[in-house]
Amino acid sequence: VEHLLIHCHMGTSRSTAAAAIILAQHNPGYEAEALAHIRRIRRPSWPNSLMLHFADELMGRNGAFSAAAKKHYREMAKDFPGLVDYFIGTPRAVEVPPEAWARGKT
C-alpha cells in the first residue's frame, strides 16, 4: 500500500496513534521512529496513549510505544502549549509531561 488515509475528528490523537501503530506493526524496535515520522508529517499530533498501550500489549513491544510517546508528548508540549491546555482537566492529563504542567492551566 503506497497511500493510506487515516481519519478521526481532529486528526490529532486517534488517527496519529493508528498511523504510528501501522508504521511500526512489522518493524519491532521502530516505535520511536514511527512517532518521530508522525511528528514530521502531522503537526500538531498527540497520539492516543491508550491505543499505544494496547499496541504495546498486542504486538509484544514491552512498553516501547508508551516510552516513545513520552518523548513525543514532551516535543508537542513545547511546540504546542495549547494542546497542554486542552488535555489538562481531562482524563488524558496523565499524558502531559510534568514540566508542561507549570506552563498549562492548573
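Extending 7 Å from the Cα toward the beta-carbon at both Asp85 and Gln25 defines two label points whose distance is 3.7 nm. Ranking Leu5, Ile22, Pro97 by how far each Cα lies toward the positive end of the dipole of the chain (charges on Cβ) leaves Pro97 at the top.
As a calculated quantity, the FRET efficiency between Arg74 and Ile6 at R0 = 35 Å, using C-beta atoms, amounts to about 0.90. Annotation for segment 35-106: chymotrypsin sites (Phe, Trp or Tyr not before Pro) lying in DSSP loop with at most 10 further Cβ atoms inside 10 Å of their Cβ do not exist. For the chain, a crude dipole built from +1 on the beta carbon of Lys and Arg and -1 on the beta carbon of Asp and Glu, taken about the Cα centre, is about 300 debye to the nearest 20. Accessible area per residue for the chain, computed on protein heavy atoms with a 1.4 Å probe, is 61 Å².
In this label model, Leu50 and Ser66 are separated by 1.5 nm, measuring between points 7 Å along each Cα→Cβ vector.
What the pair-distance distribution of the chain shows, using all Cα-Cα distances binned every 5 Å from zero, is 2, 13, 25, 24, 19, 11, 4, 1, 0 percent.
Across all directions, the average flat footprint of the convex hull enclosing the Cα atoms of segment 14-66 is 3.0 nm².
The values are calculated or read from the model by the stated rules, or taken from the named source; none is laboratory data. Everything quoted here is computed from the prediction, not taken from an experiment. When we count neighbours, we look across all protein chains shown, and the Cβ atoms used for this are built from the backbone with ideal geometry, even at glycine. All accessible areas refer to the heavy atoms of the entire protein, side chains included, with ligands and DNA or RNA removed. Shrake-Rupley method; radii C 1.70, N 1.55, O 1.52, S 1.80 Å.
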